Amino acid sequence: MKKIVTAVIVIALLGGAAYIISKNKAKNQEETAIVAEKSSVVSVQAEKATIKNFDTSYKANGNFIPNQDVTISAETPGRIVKLLVDEGAQVRKGQILALVNSDQINVQIQNAEAALANAKSDAVRFESAFKTGGVTQQQLEQVRLQLKNAEANVKSARITAGDAHIKAPIDGIINKKHVELGSFVAPGAPLFELVDVSKLKLRVNVDEGHVANLKNGDIIIVGASVLPNDTFEGKVVFIAPKADATLNYPVDLLITNNHDSKLRAGMYGFANFDAEADQHKPILMVPRNAFVGSVSSNLVYTIIDNKAVAKTVVSGRNFGDFVEILEGLREGEIVITSGQINLTNQAPVSIIK
């Protein structure tokens, strides 16, 4: 009898233990499912697509350069005997800037003129002699050739003499003087740097969206950072046919300086390509970091019913940390701005602040 009671007790204990183990297992499975469900929710940051007023004018920056910048060099060797201008002098085209010692050149002219006179005299004598049969046709032709050479030598000597007068090839201002009175110069030696700032060029880099609407002759409003109260008109004179490494197109604008010549070469300037447009208008914007990968992907995630929903949008202009949205979103829609790397379409999400 005792054995039967003992067996019953053991069976009861085993049954109770099995019940407890089963109950704990179910509880653990339930807790595990809850944890798994929580761990599948991706934490993200998000913002609403909003309409903002942005300055939509397009400005391109650059530096003013002189329309003409000429280095005047010596064309004949000699010593500078007269220096007629100094740095900062305003000069006109053809004005004499300096004189090179011309004594040797004058001697060359005298010798060439003397040789020409002899050649003319010989030509006259040979012409007469040829008529009487005193010289041959070949001898006469040689004398005629000598006369032409003598005439050419005189012209060359006179040109060389003219080169001793250093003249300004353009109107402008002496920006730099490389010689002093008494300096000896050789052919090709730089003497003056002459710049024309009555007109200047502003070279700017323009993106493809704006260069497509440009043509030579267009007038663009130009300004200088150091002259905030002055504006100038820049005429488009060059549009590069090929983009540079940044996918922008170099464009040259020609500007007529004002009567005070306030603009100077080297100043920092800008061209306003949308000066006449409505510069402040409402635009639907999202943060730049809402795009998956980059703005060019045009892919963003929105949040609908606590789930990430992938959307393809059409992006427009960039405004710093914000990007214009042309299609694909409405004002007020929530876009995910951080955590996209862990997302798939329809993945559950929770917004963290």
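The values are calculated or read from the model by the stated rules, or taken from the named source; none is laboratory data. If you're wondering where the values come from, they're calculated on a predicted model, not measured in any experiment. All Cβ positions, glycine included, derive from the backbone under ideal geometry; neighbour counts span all protein chains shown. Surface areas here come from the heavy atoms of the whole protein model, side chains and all, with no ligands, DNA or RNA. Shrake-Rupley method; radii C 1.70, N 1.55, O 1.52, S 1.80 Å.
Annotations for the structure displayed:
- Where segment 137-274 is the region considered: accessible area per residue in Å², 1.4 Å probe: 56 Å²
- Computed accessible area, residue 303, all protein chains, 1.4 angstrom probe, square angstrom: 30 Å²
- This model, with +1 at the C-beta of Lys and Arg and -1 at the C-beta of Asp and Glu, gives segment 230-306 a dipole about its Cα centre of some 220 debye.
- Model label zone, residue 178; criterion: amide N under 16 Å from point 7 Å along Cα-to-beta-carbon; scope segment 74-95: 74-80, 87
- By a 1.4 Å probe calculation restricted to protein chains, residue 83 has an accessible surface near 50 Å², given to the nearest 10.
- Note on residue 73 and residue 238: the extension gain reaches 56.5 nm, defined as 0.36 nm multiplied by sequence separation minus the Cα-Cα distance.
- Accessible surface for residue 239 stands near 50 Å², nearest 10, in the context of the full protein assembly shown (1.4 Å probe).
- Based on Cα atoms of segment 195-271, Rg over Rh with Rh as the Kirkwood radius reads 0.98.
- Taking the 1.4 Å solvent-accessible surface of segment 196-286 as the whole, the part contributed by carbon and sulfur is 50%.
- Cα-Cα pairs of segment 208-334 separated by more than 22 Å (percent): 55 percent
- Filter on 120/155; 177/235; 59/235 - keep pairs with C-alpha separation over 20 Å: 177/235
- FRET efficiency, 1/(1 + (r/R0)^6) with R0 30 Å, evaluated for residue 247 and residue 338 via beta carbons: 0.60
- Computed extension gain for residue 142 through residue 129, at 0.36 nm per residue and net of the alpha carbon distance, reaches 3.3 nm.
- With coordinates expressed along the principal axes, the C-alpha atoms belonging to segment 289-353 extend over 31, 21, 21 Å, beginning with the largest.
- Euclidean distance of C-alpha centroids, segment 65-90 and segment 208-258, integer Å: 31 Å
- Across 176, 148, the residue with the most accessible area heads the list, and the full order at a 1.4 Å probe is 148, 176.
- Geometric descriptor of segment 111-265, per residue, is 265 Å³ (volume of the convex hull of the Cα atoms).
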